[in-house]
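One structure is given below, encoded as structure tokens.
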Amino acid sequence: MSEADRLAGRTLLARLERQARKEARLVETLTADFARQLEPVLSGLNRRTRALLAELQTKSGRLVATRAALGRALSLRAQLHAAVKEAGYADLIRAATDAPLDDLAAVVLRGRGIIASATRKTPIDIDVLAALKDIRLADLLQLGDGTADALWKSTVDGVLGLRRVEALSDELAEVVEVTRRQARTLHDTAVSTFSRQVDQLGHPAQPEDRFVYVGPLDTETRPFCRDWLGQVQTRKQLDEISNGQLPNTLLTAGGYNCRHKWQWIGSLDAKDLGLSRDG
């Protein structure tokens, strides 16, 4: 390979890295906005939950374990689901995710033209993009249901175990706190996965098609991603790689909160990109 070819390959890889970092920054911005808006929503849920708990029959600071009290606790499931909705969780998910996914898709699709050989004449199916968005929104909305169920189970346990109301209230608050972290992680992961799905639209994904691992390299880069950055693998090889967290490495890359992706490069190999090794 001539020096000119090696330079062209390194230039191509650098452009791919810049595009991947651009997409990662956009995902980080979306996640930060979501986290900021999530705070008041969960605070409202916490207040509503405590109010529902206060309606339960108590004696000497403890929940009363009677048939009536247990029946009242069982009815909380529906009320807690309603509390999640009233707090604005579903509305937040749609506002913080639906439209931003369109912006992210536009950025990803613009980057697909970097590799001339990757150009596809087949237009992107808008219905497919809409379906991908629906999948991500459904994933996020399910967390709201999970939160309500966790709160309900904790309350029922409190009734059956004659636990003090103060302790139960603290536990419910902890459930919401855990959910805050879970929601951020799920949002970031769902949005990143969506961008990778958009990136793969129109690609044939044949077993011998090649992909190069690209994205940021900094103090936050996890060992899995650091080891794979700049390496080239075939689609078949990717099926055998595990990130240790989530299935389908092609779409989940390094797992939760990952900012990297496997960039499709077709029939190009490591040498074409100015690299010294091919996976």
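If a residue must be under 19 Å from Leu140 (Cβ atoms) and either modelled with pLDDT under 95 or of a type in the set (S, T, N, Q) (or both), how many such residues does segment 252-279 contain?
2
Taking segment 31-60, which residues are closer than 17 Å to Gln182 by Cβ and in contact (Cβ under 8 Å) with a residue 40 or more places away in the chain? Lay out the reasoning, then the answer.
Keep residues of segment 31-60 that are closer than 17 Å to Gln182 by Cβ, which gives 31-32, 34-39, 41-43, 45-46, 49.
Those that are closer than 17 Å to Gln182 by Cβ and in contact (Cβ under 8 Å) with a residue 40 or more places away in the chain: Thr31, Phe34, Ala35, Gln37, Leu38, Glu39, Val41, Leu42, Leu45, Asn46, Thr49.
Condition test on Arg226, is it under 30 Å from Asp272 (Cα atoms) and buried (at least 20 other Cβ atoms within 10 Å of the Cβ)?
On the way: under 30 Å from Asp272 (Cα atoms): yes; buried (at least 20 other Cβ atoms within 10 Å of the Cβ): no.
Here the answer is no, as Arg226 does not meet what is asked.
Kindly list the number of the only condition in (1) in a loop (DSSP other than H, G, I, E, B); (2) within 16 Å of the chain's Cα centre (by Cα); (3) not acidic (Asp, Glu) that fails for Gly202.
The single condition Gly202 does not satisfy is (2).
Among the residues of segment 173-180, is any among the hydroxyl-bearing types (Ser, Thr, Tyr) and without any contact (Cβ under 8 Å) to a residue 24 or more places away in the chain? It would help to see each step written out before you state the result.
Keep residues of segment 173-180 that are among the hydroxyl-bearing types (Ser, Thr, Tyr), which gives 179.
Adding the requirement that they be without any contact (Cβ under 8 Å) to a residue 24 or more places away in the chain leaves none.
For segment 173-180, residues among the hydroxyl-bearing types (Ser, Thr, Tyr) and without any contact (Cβ under 8 Å) to a residue 24 or more places away in the chain: absent.
Does segment 192-211 hold any residues that are at pLDDT below 95 and among the β-branched types (Val, Ile, Thr), and which are they?
Listed by number, the list holds a single entry, Val198.
The values are calculated or read from the model by the stated rules, or taken from the named source; none is laboratory data. Note that the structure is a prediction, hence the values are computed from the model and not measured. Quick reminder, even Gly has a Cβ in these numbers, built from the backbone with ideal geometry, and neighbours come from all protein chains shown.
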